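None of the figures in this text is laboratory data; all of them are computed from the coordinates on show. Values in this document were obtained by computation on a predicted structure and should not be read as measured data. When we count neighbours, we look across all protein chains shown, and the Cβ atoms used for this are built from the backbone with ideal geometry, even at glycine.
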Amino acid sequence: MKTVDDRFLAELRGICARPGEVLTEPIELLTYECDGLPHLHQRPAVVVLPSSAEQVQAVVRLCHRHQVPFVARGHGSGLSGGALPIAGGVVIALARLNRVLEVDIPNRRVTVEPGVTNLEITRQVAPHGFYYAPDPSSQQVCSIGGNVAENSGGAHCLKYGFTVHHVLGVEAVLPNGDLVRLDSAIADAPGPDLLGLLIGSEGTLAVVTKVIVKILRRPESVQTLLAAYDSISAAGKAVSDIIAAGIIPAAVEIMDSLSIEAVEAAVHPNFPPADSILIVELDGPTAEVREQFEEVERICRHVGATTVEVAQDEAHRARIWKGRKGAFASMGRVTPNYYVQDGVVPRTKLPEVLARIRDLEARCGLRIGNVFHAGDGNLHPLICYDEKIPGQSDLAAKVGGEILQYCIDAGGSITGEHGVGADKAEYMPRMFSDDDLDVMQLVRRAFDPQGICNPGKVFPTPRLCGEVPGPYHAHPLEQAGLGERF
Amino acid sequence: MIDRRSGPSGPPESPDTPATVADTIDGVVPRAIVEPASGEEVAAVLAEASRTKTTVVVRGGGSKMGWGRPPSSIGVLLSTKRLDRLVAHEHHDLTATVQAGARIDLVNAQLAHHGQWLPIESAFDAATIGGAIATNDSGPLRHRYGTPRDLLIGIRLALPDGRLIKSGGNVVKNVAGYDLGKLISGSFGSLAAIVSATFKLVPLPAASSTMTARFDDVNGMTRALEALGRSQLEPAACDVHVRLGNDVPSRESCRLVLKFESTPKALNAHLEATRALMGGARVEAVDDTARDTIWRPHLRSLWAAPGVMVKAGWLPASLGRVVAFMEEARIEGADVELQGRAVVGSGLLRVDGDLATKLRVIDRMRARTDLFRHVVVLRAGADVKQKVDVWGSLGDAAGVAAAVKRALDEQGILNAGRGPV
């Protein structure tokens, strides 16, 4: 791989000639040094902001001809350093490819450019009674291109699946600059499922320039309840009993006391005092939801809920979800810094793994909050630390790594929805054998023989000198007082 | 391992276990048959075949071996017959790991002990888990549950270079590493041999009913579909069945077949609400909670009748035009029958008639890019296969698919040119 030079820059300015399309000044590059995982940061040589697929194609062709590495970037909300720039390389920022190209209600399809936000799709189709199902917590800001790269999920993926279940086709630029369409608005393209491979490949196989998604009819009825428990294991037992009763809720979330404390301080959802809170949401046809909801309520009480609060209207439901979805952002109220992990365990292993995390918390001296998608065993431990106290950053990283090991020991995964990115690449050999990883690399090289498309992500490479995995650090824009997290 | 090979290019060693008529694929008799009993043995067979540049075709239940291009020759037929176990059913986690050669119906009979199932359907009793993934074949319940690729959470593969690898895992939510299970879905055994797969499962419904609505014409049917689409009813299957032929009265030509899965009390409410949307159709509803009396016959009936079987996709709102296309084909002498997923926009078109008629209909479907895409001929005789490429164009995906094939199957041994790559 080579790095950007003057000749390259001149050609790049020929492709993207309008003012503000090519950024090289350090102050301009600041925004792009990292994504939502700011402790990993790297200044790129150049950021380019194309406005069309043709420009993206020309930029990638240029990179290919010069063997210069590039990283595609959506809105930078990723939590695994998937959009971390390459030193001397190019960042292709797709924020200006933000057009909704077609809303096809009769066929329940929407075609968008990658810079359109996740929630914008729902906004476009809501007047017709439809919505786009994947709902990552960052859905107000995250881009659909980023969702494709990460195969984003969200609180409702237990019932509705992930991005890969809702994308019908993409247009993408391959690392050699070819513009290809993989699948389409029409189902059943024959052959290997290249689209399914591309979704979740973390920007290492292509740059997506157009996405066709399917939309769903808004469910007739949504019912949400909140149950408070004296122990996290009781909340977990309620989840197991609900699933054993043959009910698949739209969402099942658990928050522990530390995360409750944080959200109460920040967004005031008025949760009842509890060791743990369980949120269960059912949706679907009214008659079915009514019948199943009664059963869910009965189970929640039966396993010892101290309080069961049923959302009486949309405002009440929104308040409950505000508490849940605001959990990460609220951690600042209880800790100067935190590090969020994304491991997954089989649901039946939740009590065992949570007990190990509580033991670890007692041993390591750092508080660990737990907010998780209980239905699918996706943990989001929030490791609290103070970077001003010497050694705590490193300790938080170590604790995060240990929790990932618990997930692997339990037969789970190091990431359920945030992606491997640059952050967890070093943990991949704990989950996969050398042969597993090597075959994945063979596939990668079939797309990208030069290794220029988002290199250094997903697969383990030696870390840079002094680079530590993990914890939250202030984004350069935060440090400069130019922005804040939400 | 039962190894009936004498060598990659030689005849079967044992005269009492030769390849039989049942082993032929498009008239080609494999030179040897191998029935490995473990993933390691599958990998060893492939490694040897790569070393000797011997073509290998993987066979599950053999129910779909006629799909694909005719092979020129087959060195080894690798049967997954002995890889037939349900390896694990983690019923509290709603997951199961199954070997590739396990029959779908037998797996489901075991999963039912815990009130769960893997919602993969097949028109064929012998269909296996591996075959379902390799072809990504599905049935009417695709409407709710998707195709096999949507249910797959982990896979174990044997590569042509002899490596045994995995992708994904045992948990329903997992984005670590490339999803090679997706890549292998629909690859028709052209990239690797599937050894076992892990799926997410669903609970068996507390109650289910099937409603059949018969329409006098396609307009009545499409109006009913539109009304259903505007409603908030959530059927588990929404199938369309259209048969046009000289022996078919028009009153019998168009049907919607809808399945509802729900709680016992709610089910009746769904059925009544649906009945009200069916216009003047003749409607029957059958409780099929305990026994399926409709769907298996529905799936099988199409395959039981003669003719070429063509798979195609269309935009769901174009269904009326799809039926108009069928009308044109019927006028020109074809007996045509469609069974499809109305809301997905995908289905099978059975076309019967003389050779010229069958070829004309296939050509016209491929020419009508305004209406159809991905027109693939699944079942056809040698006369048709000599004249048309069963796969058609892979479009833009062809180049990348070929590069992936070269990367994983350097010697090009897998599937003897039958597959899409």
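At a glance:
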| read-out | value |
| --- | --- |
| Linear extension gain, A:Q67 paired with A:N270, 0.36 nm per residue minus alpha-carbon span | 67.5 nm |
| Net charge dipole size for chain B [Lys, Arg +1 and Asp, Glu -1 on Cβ; Debye, nearest 20] | 520 |
| Compactness index (Cα Rg / 2.2 N^0.38 Å), segment B:86-203 | 0.97 |
| Orientation-averaged projected area, Cα convex hull of segment A:58-198 (nm²) | 9.3 |
| log₁₀ of I(q)/I(0) at q = 0.13, 0.21 Å⁻¹ - segment A:314-403, Debye sum with one point per alpha carbon | -0.46, -1.03 |
| CD proxy at 222 nm, helix term only [per DSSP H run n ≥ 4: -39500 (n - 2.57); per residue of chain B; nearest 500] | -8000 deg cm²/dmol |
| Contour minus Cα-Cα distance for A:R18 and A:A245 (0.36 nm per residue) | 75.7 nm |
| Overall form of segment A:119-244 per C-alpha gyration tensor (a/c, 1.5; a/b vs b/c) | prolate |
| Segment B:409-421 - phi-based ³J(HN,Hα) in whole Hz, Karplus 6.51/-1.76/1.60, Gly and Pro as x | 10, 4, 8, x, 7, 7, 6, 6, x, 7, x, x, 10 |
| Cα-based equivalent ellipsoid, chain A: semi-axes from gyration tensor eigenvalues, Å | 37, 27, 20 |
| Cα-projected label distance for B:R300 with A:L9, points at 7 Å along beta-carbon direction, nm | 7.3 |
| Alpha carbon centroid spacing (whole Å) that separates segment B:378-403 from segment B:292-364 | 19 |
| A:R367 long-range amide H proximity, modeled H, under 5 Å | A:C384 |
| Segment B:253-271-segment A:230-275 distance, computed between alpha-carbon centres (Å) | 34 |
| For segment A:284-434, radius of gyration divided by Kirkwood radius, i.e. Rg to Rh on alpha-carbons | 1.03 |
| Whole-number percent relative contact order across segment A:221-329, with pairs defined as alpha carbons under 8 Å at least 6 apart | 45 |
| Kirkwood hydrodynamic radius over Cα pairs of the protein assembly as shown, then Stokes diffusion coefficient at 37 °C and 0.692 mPa s, in µm²/s | 115 |
| 5 Å-binned pair-distance histogram of segment A:281-331 (Cα, whole percent) | 4, 17, 19, 23, 21, 11, 4, 1 |
| For segment A:234-368, average projected area of the Cα convex hull in nm² | 8.7 |
| Residue (of A:T3, A:G81, A:G36) at the positive-pole extreme of segment A:1-96, dipole from beta-carbon charges | A:T3 |
| Farthest positive-ward along segment B:86-203 dipole, Cα basis, beta-carbon charges - from B:G186, B:A102, B:H89 | B:G186 |
| Residues in segment B:301-336 reached by a label modelled at B:D370 [backbone nitrogen below 17 Å; 7 Å Cα→Cβ] | B:314-329 |
| Computed label-point distance, nm, for sites A:D230 and A:R123 using a 7 Å Cα→Cβ extension | 4.7 |
| DSSP beta bridge pairing in the protein assembly as shown, given as percent antiparallel to the nearest 5 | 90 |
| Gain in span if fully extended, B:D247 to B:A37, counting 0.36 nm per residue against the direct Cα distance | 70.6 nm |
| Rotationally averaged projected area of segment A:50-110 (alpha carbon convex hull; nm²) | 5.6 |
| Among beta bridges that DSSP assigns inside chain A, antiparallel share in %, nearest 5 | 90 |
| Rounded to the nearest 20 debye, dipole of segment A:141-227 from Cβ charges on Lys, Arg, Asp, Glu | 340 |
| Normalised contact order of chain B, rounded percent, pairs of Cα under 8 Å and 6 or more residues apart | 17 |
| Relative contact order (%) - segment A:103-217, alpha-carbon pairs under 8 angstrom, separation at least six | 34 |
| Exercise: per-residue mean of other protein chain Cβ atoms within 10 Å, A:433-441 | 6 |
| Over segment A:161-222: Rg over Rh, Cα atoms, Kirkwood Rh | 1.04 |
| Helix-derived mean residue ellipticity, 222 nm - over chain A, DSSP H n ≥ 4, -39500 (n - 2.57), to 500 | -9500 deg cm²/dmol |
| Calculated P(r) of segment B:319-413 - Cα pairs past 15 Å, % | 66 |
| Principal axes of segment A:1-96: Cα extent on each, largest first, Å | 33, 27, 22 |
| Calculated diffusion of segment B:252-394, Stokes-Einstein form, Kirkwood radius summed over Cα pairs, 10 °C and 1.306 mPa s, µm²/s | 94 |
| Spacing of the two label points (7 Å from each Cα toward its C-beta) at B:Q232 and B:D354, in nm | 5.7 |
| Sorted by Cβ density within 10 Å, fewest first, the residues A:K325, B:K265, A:K210 | B:K265, A:K210, A:K325 |
| Shape of chain B, Cα gyration tensor, a/c cut at 1.5 | oblate |
| Computed over segment A:205-263, Cα set: Rg, Dmax in Å | 17.6, 49 |
| Span from the segment A:57-89 Cα centroid across to the segment A:182-216 one, whole angstrom | 20 |
| Positive dipole terminus of the protein assembly as shown, leading residue within A:T209, B:M309, B:I294 (C-beta point charges) | B:M309 |
